[in-house]
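Take a look at the structure below.
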Amino acid sequence: AQRVTQPEKLLSVFKGAPVELKCNYSYSGSPELFWYVQYSRQRLQLLLRHISRESIKGFTADLNKGETSFHLKKPFAQEEDSAMYYCALSDPLGGGGNKLTFGTGTQLKVEL
Amino acid sequence: KAGVTQTPRYLIKTRGQQVTLSCSPISGHRSVSWYQQTPGQGLQFLFEYFSETQRNKGNFPGRFSGRQFSNSRSEMNVSTLELGDSALYLCASSRWDTPNEKLFFGSGTQLSVL
């Protein structure tokens, strides 16, 4: 069964410092990977997905199949980046559909 | 465009009762999926519906069921409620049911079982 691991419950960085939120997955194949974010008092929303290879709000994520990782990175943290971040995996061979397996989330706190 | 709407926002029930939660997807979206969020287990997939058919089901007991109507609105039902069913239930919609779809989440229904 697939599994997503986010080893850090809380990550605290100073404004302007680089950010790396770790995500490792367990899946035998080529998964679809996502980062979702939940800002305070807002809905869970998509930040970026592997297939789009896009950069959103300065964040990027590279899929490393050898290390089975999909870490989220940003070179310079901003105060508005403070939020809960979830890594998620979708199984393209799981019979169709977009069932997501989520990690437990990492709370990012950007301090001034 | 209106977002995903979930009703009610809050529910308080007692053990043994049943509950029905409702989800209206974004207009034009045909896929609706449900997730349970708890502090201990995090976000767990319940099931997904596309064009009124259940496409995927998570590892939840048969007390959890759902359906989707022809207008894509969806309901989930939990029968014989247990204390452990207390959770935030999130609904998400997407245009299609392919694995790389962007999901749009609702605000959730907070269910408390006493």
Are any residues in the range A:32-55 surrounded by fewer than 16 Cβ atoms within 10 Å (Cβ to Cβ) and away from every other protein chain (no Cβ under 11 Å), and if so, which ones? A:39, A:40, A:53, A:54, A:55
Could you list, in sequence order, the residues of the range B:21-48 that are assigned to a strand (DSSP E or B) and more than 10 Å from the chain's Cα centre (by Cα)? B:24, B:31, B:37, B:38, B:42, B:43, B:44
Name the single residue that is farthest from the other protein chains (Cβ to nearest Cβ) among those in the range B:82-114 being open to solvent by 20 Å² or more (accessible area, probe 1.4 Å) and among the aliphatic types (A, V, I, L, M). B:114
Report whether or not residue A:29 is part of a loop (DSSP other than H, G, I, E, B), more than 14 Å from chain B (Cβ to nearest Cβ) and exposed (fewer than 15 other Cβ atoms within 10 Å of the Cβ). no
For the range A:62-91, the count of residues that are in contact with an Asp or Glu (Cβ under 6 Å, 6 or more places away or on another chain) and within 14 Å of chain B (Cβ to nearest Cβ) equals 1
Given the conditions (1) under 25 Å from residue B:91 (Cα atoms); (2) in contact with a Phe, Trp or Tyr (Cβ under 8 Å, 6 or more places away or on another chain); (3) not polar (S, T, N, Q), every one holds for residue A:17 apart from (1)
Within the range A:92-112, considering residues that are at pLDDT 95 or above and more than 7 Å from chain B (Cβ to nearest Cβ), the one nearest to residue B:90 (Cα to Cα): A:103
Being open to solvent by 50 Å² or more (accessible area, probe 1.4 Å) and in contact (Cβ under 8 Å) with a residue 24 or more places away in the chain is the requirement here; does residue A:74 meet it? no
Hey, does the range B:19-26 have a residue that's open to solvent by less than 10 Å² (accessible area, probe 1.4 Å), within 11 Å of chain A (Cβ to nearest Cβ) and not basic (Lys, Arg)? no
So residue B:15 fits all but one of (1) open to solvent by 80 Å² or more (accessible area, probe 1.4 Å); (2) of a type in the set (D, E, K, R); (3) part of a strand (DSSP E or B); what number is the exception? (3)
Find the strands (runs of 3 or more DSSP E) located wholly in the range B:62-114 whose residues include 3 or more that are without any contact (Cβ under 8 Å) to a residue 24 or more places away in the chain, and list them. B:64-68
Restricting to the range B:55-75, name every residue that is on the phi < 0 side of the Ramachandran plot, out of contact with any Ser or Thr (no Cβ under 7 Å at 6 or more places or on another chain), open to solvent by less than 40 Å² (accessible area, probe 1.4 Å) and more than 10 Å from every other protein chain (Cβ to nearest Cβ). B:60, B:64, B:74
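The values are calculated or read from the model by the stated rules, or taken from the named source; none is laboratory data. Everything numeric in this text was worked out from a predicted model, so none of it was measured. Heads up, the Cβs are rebuilt from the backbone with ideal geometry, glycines too, and the neighbour counts pull from every protein chain shown. Only protein heavy atoms, including side chains, enter the accessible area calculation; ligands, DNA and RNA are left aside. Shrake-Rupley method; radii C 1.70, N 1.55, O 1.52, S 1.80 Å.
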